[in-house]
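Trainee: Quick one: structure below, then a few questions.
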Amino acid sequence: MLLKEYRICMPLTVEEYRIGQLYMISKHSHEQSDRGEGVEVVQNEPFEDPAHGKGQCTEKRVYLNSKLPSWARAVVPKIFYVTEKAWNYYPYTITEYTCSFLPKFSIHIETKYEDNNGSNDNIFGSEAQDVDREVCFVDIAYDEVPERYYKESEDLRYFKSEKTSRGLLKEGWRDSQQPIMCSYKLVNVKFEVWGLQTRVEQFVHKVVRDVLLLGHRQAFAWVDEWIDMTMDEVREFERATQEATNKKIGIFPPAISISETPLPCYTHSGPSSAPSTPLATDAPEFLSVPKDRPRKKSAPETLTLPDPADRVPRLRLPSLRLPQRSPSHQPSDANPQ
């Protein structure tokens, strides 16, 4: 297990980001999806939890085989996806990632949002304080984005919002910017496989950090697109974008329904007992019996019988009568010379 806490500040308020988050996730998923790979939305519906009140439950499948490193692609099937389940009680959310092919792999993310610059060291309570973890500040303006994701229009060092007049973000902007909010994310990665645990957990945290950096950058870079939206308008944008994304990656499910009528609270469990995706019992390939192990064969793999129609009839040769020889011409028992 590898636990880290990420703190990502943005020049927004928590109430503004309620809309911006939904807009960013939908648009980001659509942009990062391609034929056969991307984010498929399986479920998106409201529900009510007895402890946390009204929320939104989503389930997605993230297809990402080509995005894996070569050493990981060697041990996973070509059709590979991670299941994401999220329970959004904004400003508090829980997200879980599991994979049926890797039953010992999971990511658990607990998120809280506050209107400050990341100064709350006790936001997750005393229990989290007792657990050894690394605190990582992510700077959406000055931390380096992977080259393949860089866009000049999303470089917040040079971006200024026309509608809000916020930006440009200068060095040290988190100490002087108003308004400012922070996303606190407690990320727990588990991959309990001997010999691979450290390598996989470190790699997953690097991916998580890159995704958090890119997503929060885009949320502010796109602020002029969503700042005037109402909740109903962003939900409609979310529905239309999700259907377009599913078609883009080659999946055509029934139309997704995003209703505003909460389901009964017993339909979904709360975050403390949030259901995880059913896991397969089959072991991954690198834990299974080697393919070159000799096997006993009790029967031939293929038995081919001749077709009676193809049989050639036997030819009968005429009988020949040999002339009789006199006794003096009978062969001797001596060996030939």
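Trainee: Looking only at residues that are over 28 Å from Lys151 (Cα atoms) and β-branched (Val, Ile, Thr) in the stretch 184-224, which one is surrounded by the most Cβ atoms within 10 Å (Cβ to Cβ)?
Mentor: Val189
Trainee: Report the residue count in the stretch 113-148 for those that are farther than 23 Å from Ile19 by Cα and outside any strand (DSSP E or B). Before the answer, list the steps.
Mentor: At the first step, the residues of the stretch 113-148 found to be farther than 23 Å from Ile19 by Cα are 119-122, 124-137, 142-148.
From what's left, outside any strand (DSSP E or B): 119-122, 124-133, 142-148.
The qualifying residues number 21.
Trainee: Let me ask another. Quick one: is Arg199 modelled with pLDDT under 95 and not in a loop (DSSP other than H, G, I, E, B)?
Mentor: On the way: modelled with pLDDT under 95: yes; not in a loop (DSSP other than H, G, I, E, B): yes.
It is true that Arg199 is modelled with pLDDT under 95 and not in a loop (DSSP other than H, G, I, E, B).
Trainee: How many of the residues making up the stretch 86-105 are open to solvent by less than 20 Å² (accessible area, probe 1.4 Å) and assigned to a loop (DSSP other than H, G, I, E, B)?
Mentor: 2
Trainee: Counting only residues that are open to solvent by less than 50 Å² (accessible area, probe 1.4 Å) and within 26 Å of the chain's Cα centre (by Cα), which one in the stretch 106-123 is nearest to Gln178 (Cα to Cα)? Steps first, please.
Mentor: Start the filter on the stretch 106-123 by keeping residues that are open to solvent by less than 50 Å² (accessible area, probe 1.4 Å), which leaves 106-107, 109-111, 113, 116, 118, 120, 123.
If we keep only those that are within 26 Å of the chain's Cα centre (by Cα) too, we end up with 106-107, 109-111, 113.
Working: Ser106: 37, Ile107: 33, Ile109: 27, Glu110: 26, Thr111: 22, Tyr113: 16 Å.
Selected residue: Tyr113.
Trainee: Follow-up. Does any residue in the stretch 221-237 that is in contact (Cβ under 8 Å) with a residue 24 or more places away in the chain come within less than 6 Å, Cβ to Cβ, of a residue that is part of a helix (DSSP H, G or I) and not hydrophobic (A, V, I, L, M, F, W, C) six or more places away or on a different chain, and which pairs are these?
Mentor: Hits for this filter: Ala221/Glu154; Trp226/Gly20; Trp226/Tyr23; Val234/Tyr23.
Trainee: Continuing with this model, one more query. Within the stretch 152-171, is even one residue touching a strand residue (DSSP E or B) at 6+ places or on another chain (Cβ under 9 Å) and either without any contact (Cβ under 8 Å) to a residue 12 or more places away in the chain or outside any helix (DSSP H, G or I) (or both)? Full working, then the answer.
Mentor: So in the stretch 152-171, the residues touching a strand residue (DSSP E or B) at 6+ places or on another chain (Cβ under 9 Å) come out as none.
Looking for residues that are touching a strand residue (DSSP E or B) at 6+ places or on another chain (Cβ under 9 Å) and either without any contact (Cβ under 8 Å) to a residue 12 or more places away in the chain or outside any helix (DSSP H, G or I) (or both), one finds none in the stretch 152-171, hence no.
The values are calculated or read from the model by the stated rules, or taken from the named source; none is laboratory data. Predicted model only: the values in this text are computed from it and were never measured. Note that each Cβ is placed from the backbone with ideal geometry, even for glycine, and that neighbours are counted across all protein chains shown. Just so you know, the surface numbers come from the protein's heavy atoms only, side chains and all, with ligands and any DNA or RNA stripped out. Shrake-Rupley method; radii C 1.70, N 1.55, O 1.52, S 1.80 Å.
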